[in-house]
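As structure tokens, the structure follows; a few thoughts come after it.
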Amino acid sequence: MLHVEHDHQKTCKSPAQFNSAVKRCLLHTVRRAPRARVMADHEKEGIRLRGERSAGSRSTRQKSQDALGADADRAERGFLSNLVVSAYLRRPLLSISLSYPAIFALGFGCSLSYYGYLRPEQLPDPLRERARVASNTFFRAFDEMMSSDTVDSLLRTTSRMKEVLDLQALSNATLGFTDIVKNRTSLGVKDYLPDWQVPAISQVLGKSERVGIRMAREGKVAKHPVIMVPGIITTGLELWDGEDCIKNYFRQRIWGTTTMLQAMVRDPDCWVRHMSLNTTTGLDPLQQPHFNRTIRVRPSQGFESADFFIGGYWLWGLMIESLADVGYDQNSMYMASYDWRLSFEDMERRDWYFTKLMQQIETLVKMNREKAAIVAHSMGGNLFHYFMQWVTHNVHPNWVHNHVHSVILISSPLLGLPKAYFSLLTGDNRDFATMGTFSAVVNHYFGSKTRRSLWRSCSSLSMIMPIGGNAVWGQQVTGMPLVQAQGKNLTVEEAYDLLASARHVPRDLQRIEAWLLQGIRASTPIEARAEHQRKDTTWGNALATVLPFAPQMKMYALYGVGVSTEYTGALEASGDDVQRPKYGIDREAHAPNAGFLLGDGDYSCPVLSLGFMCTKGWRNEARNPARIPCTVREYKDKPGPKGVMSGSLRGGPSSGDHVDILGNEELLEDLISLVVGGRLGTRVVSDLAETAARWNDG
């Protein structure tokens, strides 16, 4: 859609390594955003560029300078939002629900960046005027769209945009760039504008009637109080104390919402320092330059902490809405938000998270006179498994039996996932490796060493590394090695040793040495009983721990399948571990998957990690002495129309994607049935049983 072949010296001053003009364009979209936005808003300030040039009055120039200062902050937000959407459209990381406004971000937004970073005198007056008019309406509409916090309001905004935007002005401004570089620029916006149709809500969410409303009409009513435990990176993080470079974001989110994007681009180094934890303690780092106070970033609280991530990108929002339809409210459901950067142990040490979670469950159980239903997504399932160990050992052996009716695991990688391993070892994973052009932009601001350092400071990521060693993740079970290096298939133990071994543990991982050398490598409860180990070393390992004695409790594993998921990564020696990580992803291997071999899963988690424990692991009485039943229910991915012209960039109401499954209508219906007192049968549509049969659970 966007093809630019400008002469580098005339139009762009990007780093030499970006040999693509498109990459240069995206970089300058961020770097020169304030200037672009100020030009776009000159009409609002009553300042005509042409008039300023001809009159040259001191007062007019002063007004222009005032406008520059006042609008710089808004400029960063507008153009950065444009950049993020443009890049994600090409290879969606979050598959954001931005509907048709994305047309402008992709086709027209980047062209406007030229208007921002080319010196004004280089542009012909007619073109400058067309671009000014178009960009003014574009940014007003785009900012309004980015403020939409629900899918409904997003669609309403889309409809308003169609009414207020001057489509002819957009088309004229876009085509006008051929005045500068004749026959060498194709922007494609004109081709899309005639086909622009505002989608109905049913195109985005599926059926017009919500699942909860339909089930309420069928007589379903709230029963068991619901405790929701979100996954990694899905809880918003707020700034409570920080350095001067970020103090103006006090109690605003620097993870989640558009303020994250503002802080990230305004000062990338500052943002990284505040998102990182101390690599020695795993807790809050000290503020620079005096090192006499700590940076305090804390998790947002309430349903708002994890209902939407940014703009119209929902997380738990549709599930909360469906539960409310059958009678749930803040007196019968609770979002157990947490700082997902911390190790599970440090969540209790710093925030008393498990103590507060225990008290909240006890309160809701008492209020509703029913045991609680735990609904945990992604890493939230691993976290709640750890909590059951903690409360059993530290509070009372029967606490789980007395307070928990059911544990519903949604897309929980109880045995870890390769993505976490590669992120900690190289700073990269499949998401980044397949981003194409946008990876160059990210790499410019956050190089692989910076990304790896940030991930290594977040101890939580190690808690979802592949667990169980060769016994579970070996090639004899999965049919694929976890790691390939220099043309050799490594055993899982050899892969572990590349990250941390008995001979050498990197300094920034030494605080979690016991977990890396013992915790993740155990595959049976017997191994976990070695006298030299701390009792909590293996609490995060479902293979090496024993479920609480709760014979009346029920467990469920609900997850999507049929989505290509990374299993194997090809490594190359790419750095000295000083300037760059020692190992990187060999992106020339396994084309077109940029260095990865793929298998079945939900895009993030392989099937074995999602279903092995229910299918086989917890049928072993050494792990499950109470014989707690665990039911597997798989949801075959059935993606709906996806793309800017279809009305949605999400997977649709039958998606099996790792995150989109939170809005899967069938899963929502099954979930409501469980929490109101119903039951659910087993359904396996993958090769889970055949794969589990190859697992020698000795």
Roughly speaking, what is the stretch gain from residue 283 to residue 514, that is 0.36 nm per residue apart minus the C-alpha to C-alpha distance, in nm to one decimal?
81.4 nm
Just order 290-298, 411-419, 470-478, 662-670 by mean Cβ neighbour count inside 10 Å, highest at the front, would you?
411-419, 662-670, 470-478, 290-298
Tell me the net charge near residue 589. Cut-off is 15 Å between Cβ atoms, residue 589 excluded, with +1 for each Lys or Arg and -1 for each Asp or Glu.
-2
Strictly over 26 Å apart at the Cα level, which of 356/419; 220/554; 223/356 would you flag in this model?
356/419
Taking N as the residue count of region 243-380, its alpha carbon Rg divided by 2.2 N^0.38 Å gives 1.21
Between residue 619 and residue 292, what is 0.36 nm times their sequence separation minus the Cα-Cα distance? Round to one decimal in nm.
112.5 nm
Counting only DSSP beta bridges with both partners in region 528-608, the antiparallel fraction in percent, to the nearest 5, comes to 90 percent
Highest to lowest packing among 559-572, 381-394, scored as the average C-beta count within 10 Å
559-572, 381-394
If you average the sequence gap of Cα pairs under 8 Å that are 6 or more apart and divide by the length of region 255-369, what percent do you get for the contact order?
21 percent
Most packed first (mean Cβ within 10 Å per residue), the peptides 589-602, 219-232 order as 219-232, 589-602
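Coordinate-derived values only; no laboratory data. The shown structure was predicted, so the numbers you read here are calculated from the model rather than taken from an experiment. Glycine also receives a Cβ, built like all others from the backbone with ideal geometry; neighbour counts cover every protein chain displayed.
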